[in-house]
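Just so you know, all these numbers are worked out from the coordinates, no wet-lab data involved. A quick note: this is a predicted structure, and the numbers were derived from the prediction, not measured. Ideal geometry is used to build each Cβ from the backbone, glycine not excepted, and the neighbour counts take in all protein chains shown.
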Amino acid sequence: MFDAQVYVSRRNGLQRQFQDGLLLFLGNADAPMNYAANTYHFRQDSSFLYYWGVDDPDLVAILDVDAGRHVIYGDDFTVDDIVWRGPQPTLAERAARAGVIETGPLKDLPRLLSEAIRAGRRIHFLPQYRADNAQLLERLLGIRAEAVNEHASVALCRAVVSQRAIKGTEEIAEIERALEVSRDMHILAMRMARAGMYEREVVGAMEGLVAARGVAMAFPVIFSVHGETLHNHYHGNRMEAGQMTVNDSGAESPLHYASDITRTIPIGGRFEGPQRDLYQAVHRAQKKAIEAVKPGVRFRDVHLLACRSLAEDLKAIGLMKGDLDAAIEQGAHGMFFQCGLGHMLGLDVHDMEGLGEQHVGYDASVLRSTQFGLKSLRMARTLEPGMVMTVEPGIYLIPVLIDRWRAEGKFAEFLDYDAIERFRAFGGIRLEDDVLVTEAGNRVLGQPIPIEMEEVEALARQ
Ligand code: GLY
Ligand code: MN
Ligand code: MN
């Protein structure tokens, strides 16, 4: 955990954003795999971790704004629990590490909350993404589980986003700790991936490396010769010489801060033919986009700059044609780049996505587009110092999209369908790094991870 003062000052900062009411935070419970005692790897809720620090299941915290009380509710382990799990610190000891001096048993919660409801006090809670927590809210607040998110507090979401979006130096250090592991994973994958091997062998080696460092993956590994599928979690393909494998993977730090890195590996040790031009196109777009990241710039404009760069190269290669300003305005580049340039990164890999992307990436100054491609941009608003963004352009040739758009004659003035047809088995290329917005501009976080075409080839030949 961070120093207790970090959590105290985060909670005080949150409290100052409210006049009155209760701020209710639900920690996560263990999630059963196939029976109650056989559970998935435990992951605490990120906002709970941010304000309350305690990384254990079955906790609820309340910040009473009127009384200025910060309390964690939970139950101490019984002797029976300790027989199975070994000695455990008390709740009071665990809470004290986050500067929380008041604790109470879970059985106190129903009465406390029903009294608050009777007194007409506002109870703010965040949107829920786990069914058991939605049910807990139903029991505590009398709101139907299916409807709890309609009653989630927009004020609390905005207040939490305002704090979590701006990372402190201790948080940046954690992200860089995660990146040390990710760097080793990616270098391992570049060295290991070769023709005749199955994707799962490399994925297993990366997972082993992460486990041996005592941390976890920040998200399920995306590793596939079918890199055109944006989030491809199938790892059963045999890799063949001449293919490319997209490796989008990242470890968490010990305090659960994420890293999110993508590299594209040439199987056989050399990017062949048009792979070389398209790899350079993605790399150029990434370099231009990173250069543009600075305070005061809208991330939507950085995204569009990357789209422009990709489109210029795609035109030079002969896959796009016509007036590129009009093509980008209308979204024709969505044939090759179907998603957004990046997202915030922090305790969640898509940071705070569970609070609602409209609160994280958008505000009154920039509305979400409905255009294919641009609508998937998770972050559009103005960058501020302390934000951490991923910058992850890509080029993806998706056969079903080629067929659909061609049949519709869509964007025929901007897309050379005969040329595109020759690329239908191309796959995909993505390059992704994690970038801190600084007062002066930006800093790519972590030690450099090989990305120049020649350095990746050299590692892939080893
Ligand atoms: N790792 C998923 C993403 O890049 O957004
Ligand atoms: Mn990402
Ligand atoms: Mn990624």
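Once the Cβ-Cβ distance of residue 315 and residue 462 is raised to the sixth power relative to R0 = 30 Å, the FRET efficiency obtained is 0.25. Scanning residues 5 or more positions from residue 382 or on other chains, those with amide H under 5 Å from its amide H are 299, with H placed 1.01 Å from N in the peptide plane.
Once you have a ≥ b ≥ c as the square roots of the Cα gyration tensor eigenvalues for the stretch 401-462, tell me rounded if a/c is under 1.5, and otherwise prolate or oblate according to whether a/b is larger than b/c. Taking the square roots of the gyration eigenvalues as a ≥ b ≥ c, the stretch 401-462 is oblate.
Rounded to the nearest whole Hz, the Karplus-based 3J(HN,Hα) values (6.51 cos²θ - 1.76 cosθ + 1.60, θ = phi - 60°) of the stretch 447-454 follow the sequence 6, x, 10, x, 9, 4, 3, 5, with x at glycine and proline.
In debye, nearest 20: dipole of the stretch 149-298 around its Cα centre with unit charges on the Cβ of K, R (+) and D, E (-)?
That gives the stretch 149-298 a dipole magnitude of about 460 debye.
Cross-link reach is defined here as a Cα-Cα straight distance under 29 Å, omitting same-chain residues fewer than 8 places apart; for residue 294 the lysines meeting it are 167, 315, 375.
Give me D for the stretch 272-378 in µm² s⁻¹, whole number, from Stokes-Einstein with Rh from the Kirkwood sum over alpha-carbon pairs, 20 °C and 1.002 mPa s. Display every interim value, and only then the final one.
Numbers: Rh = 14.8 Å.
Answer from the Stokes-Einstein relation: 144 µm²/s.
Mind grabbing the base-10 log of I(q)/I(0) for the stretch 86-126 at q = 0.15, 0.22, 0.23, 0.29 Å⁻¹? Debye formula, identical points on the C-alpha positions, no solvent, two decimal places. Log10 of I(q)/I(0), two decimals: -0.55, -0.85, -0.87, -0.96. Relative to the longest principal axis of the Cα atoms of the chain, the long axis of helix 274-292 makes an angle of roughly 50 degrees. Fewest-first ordering of 84, 405, 52 by other beta carbons within 10 Å of each residue's beta carbon gives 84, 405, 52.
Look at 101, 267, 429 and count the other Cβ atoms within 10 Å of each Cβ; fewest to most, that gives 101, 267, 429. Placing a label point 7 Å from the Cα of residue 145 along the Cα-to-Cβ direction, the residues of the stretch 85-114 whose backbone N falls under 19 Å of that point are 110. Sequentially through the stretch 364-373, phi angles give Karplus couplings (6.51, -1.76, 1.60; θ = phi - 60°) of 4, 7, 8, 8, 6, 6, 9, 6, 3, x Hz, Gly and Pro residues having no value and appearing as x.
Given +1 at the Cβ of Lys and Arg, -1 at the Cβ of Asp and Glu and no other charges, the dipole of the chain around its Cα centre is 500 debye to the nearest 20.
The modelled label-to-label distance between residue 424 and residue 187, using points 7 Å beyond Cα along the C-beta direction, is 4.2 nm. Backbone amide hydrogens, once placed in the peptide plane, bring residue 351 within less than 5 Å of 344, 345, 346, excluding anything fewer than 5 places away on its chain.
Distance between the 7 Å Cα→Cβ label points at residue 412 and residue 20: 6.6 nm.
Reducing the stretch 21-64 and the stretch 160-218 to their Cα centroids gives an inter-centroid distance of 23 Å.
Couplings 3J(HN,Hα) of the stretch 252-259, computed from phi: 8, 7, x, 9, 6, 7, 8, 10 Hz, in residue order, whole Hz [Karplus 6.51 cos²θ - 1.76 cosθ + 1.60, θ = phi - 60°; x for Gly and Pro]. For the stretch 99-159, just say rounded, prolate or oblate: build the C-alpha gyration tensor, square-root its eigenvalues into a ≥ b ≥ c, call rounded for a/c under 1.5, and beyond that prolate if a/b exceeds b/c, oblate if not. Here the stretch 99-159 falls in the rounded category. Taking every Cα-Cα distance in the stretch 104-260 and sorting them into 10 Å bins from zero, the calculated P(r) comes out as 10, 25, 22, 22, 15, 6, 1 percent. Projecting the Cα atoms of 345, 358, 327 onto the charge dipole of the stretch 269-417 (Cβ charges, centred on the Cα centre) puts 327 farthest toward the positive pole.
Our summary of shape: the Cα atoms of the chain have principal axis extents of 69, 48, 43 Å, ordered from largest down, in whole angstrom. In the stretch 318-462, the C-alpha radius of gyration followed by the widest Cα-Cα span (Dmax) gives 17.7, 51 angstrom.
Taking the chain as the reference, fit the longest principal axis to its C-alpha atoms, fit the long axis of helix 154-164 to the helix C-alpha atoms, and give the angle between the two in degrees, 0 to 90, nearest 10. Orientation of helix 154-164: about 70 degrees from the principal axis. When the chain is described by a simple charge dipole with +1 on each Lys and Arg Cβ and -1 on each Asp and Glu Cβ, the residue from 127, 389, 377 located farthest towards its positive end is 377. Report summary: the helix-based calculation at 222 nm, which adds -39500 (n - 2.57) for every DSSP H run with n ≥ 4 and divides by the residues of the chain, gives -11500 deg cm²/dmol. Annotation for residue 198 and residue 107: the two label points, set 7 Å from Cα along the Cα-Cβ direction, are 5.2 nm apart. Ranked from largest, the principal axis spans of the Cα set of the stretch 171-293 equal 43, 37, 22 Å. On the basis of the beta-carbon distance and an R0 of 41 Å, residue 85 and residue 439 show a calculated FRET efficiency of 0.30. Among 207-215, 339-347, sorting by the average number of other beta carbon atoms lying within 10 angstrom of each residue, highest first, gives 339-347, 207-215. All Cα-Cα separations within the stretch 1-104 were binned at 10 Å from zero, giving a P(r) of 15, 44, 29, 11, 1, each value a whole percent of the pairs.
Dipole size of the stretch 215-344 about its Cα centre, with +1 on Lys/Arg Cβ and -1 on Asp/Glu Cβ: approximately 220 debye, rounded to the nearest 20.
Could you put 167, 287 in order, starting from the residue whose Cβ has the fewest other Cβ atoms within 10 Å?
Working: 167 24, 287 16.
Lowest to highest Cβ neighbour count: 287, 167.
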